[in-house]
Ligand SMILES: [Zn+2]
């Protein structure tokens, strides 16, 4: 059985979490602009003198402790350069050591005490002296989804593994003392038996966790086109969506599927600004006539009414461009619902080719135009950083 790239990435993240839980080190790769950086990572609360020594021996870089900026603020560990206003201001913090003469030294055991204390929820500002031999890094609250970097990855992975969100990291240097390349890093991982995970793996994992859908009830709904089952879902952001299922699509080869995005003015009131109601009816009719299929109805965001009204005030042709903005998370939720319904290959009723859908678990083997004569081609949404346009 072949493993998809997505399953392989999930397996790598799961193996990394399992290793962290048992106090083992992992190797995190950050690839960007053709370069590759590698950091040894472990959970701060599992840090020991032996692990600190191994990290320094294998990694050769400086040992840092990454935790959320707010947690460092609470411990009154300020930015290393308070006059800095640049992007690194939050990252580098004043170095610390555990207060008390026995624990404040540079020895591996002393560093391990300090690192474990940073992960201890009972620690207070007076637990530490400043400066010391442990270097904290302040991380973004949103983790790798905000900043796809090694310090954020360390905190995310340790937290996903069920421990206090404080990670220890040490950049790996190559044999020549310079930054190690990808091949050298992978060799090092194999040599020391370290699970290797990339930041891209972790970003994909966290996105999927956010978008994961769950079933929330089912009802039979007779429509003019035929009988459908409405199956409710919630996504990872607690938004509700519904799949209108006709027949038994999971038992059929490549059933018809339509992704329909909520348009209050069009769907409910039949606004003539756009053709959404006609599209909706037409898609349900096509699915019913084909014998089986699914219309995934993705509910709009909380700003949908405002967006629609604003769009209604502008040019007619721009309505859907402004009111039907769809994010990658919406597309992910739609395909997660199809996956949950047991569909593997689908034929997508869609007029547009502008959305590069990467459904992963559900394959689109054909795009079939949702032919309709009530209106012309839909105006496409303008490019936007977190929205990728209408899918119809
Ligand atoms: Zn509409």
- Query: For residue 272, all conditions in the list (1) more than 24 Å from residue 340 (Cβ to Cβ); (2) touching a helix residue (DSSP H, G or I) at 6+ places or on another chain (Cβ under 7 Å); (3) not in a helix (DSSP H, G or I) hold save one; what is the number of the exception?
  - Reply: (2)
- Positions within region 233-269 being in a loop (DSSP other than H, G, I, E, B) and out of contact with any strand residue (DSSP E or B) (no Cβ under 6 Å at 6 or more places or on another chain), in sequence order: 235, 236, 237, 238, 239, 247, 248, 252, 253, 262, 263, 269
- Matching residues in region 265-298 - criterion: being closer than 25 Å to residue 215 by Cβ and surrounded by fewer than 18 Cβ atoms within 10 Å (Cβ to Cβ): 268, 290, 291, 292
- Query: If we keep just the residues of region 184-206 that are under 15 Å from residue 17 (Cα atoms) and more than 13 Å from the chain's Cα centre (by Cα), which is surrounded by the most Cβ atoms within 10 Å (Cβ to Cβ)?
  - Reply: 197
- Query: Just wondering, is there one or more residues in region 9-31 that are in contact with a helix residue (DSSP H, G or I) (Cβ under 6 Å, 6 or more places away or on another chain) and free of Cβ contacts under 8 Å to residues at least 60 places away in the same chain?
  - Reply: yes
- Task: Could you identify the single residue in 209, 227 that is assigned to a helix (DSSP H, G or I) and either exposed (fewer than 15 other Cβ atoms within 10 Å of the Cβ) or within 16 Å of the ligand (Cβ to nearest atom) (or both)?
- Result: 209
- Item | Subset of region 315-366 [modelled with pLDDT of 80 or more, within 19 Å of the chain's Cα centre (by Cα) and assigned to a loop (DSSP other than H, G, I, E, B)] | 362
- Any hit, region 286-298, residues being in contact with a strand residue (DSSP E or B) (Cβ under 6 Å, 6 or more places away or on another chain), within 10 Å of the ligand (Cβ to nearest atom), in a helix (DSSP H, G or I) and modelled with pLDDT of 80 or more: no
- Query: So which residues in region 158-195 are touching a strand residue (DSSP E or B) at 6+ places or on another chain (Cβ under 7 Å), under 17 Å from residue 71 (Cα atoms) and in a helix (DSSP H, G or I), if there are any at all?
  - Reply: 158
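The values are calculated or read from the model by the stated rules, or taken from the named source; none is laboratory data. These numbers were taken from a predicted model, which means no experiment stands behind them. Here Cβ is always computed from backbone atoms with ideal geometry, including for glycine, and neighbour counts include all displayed protein chains.
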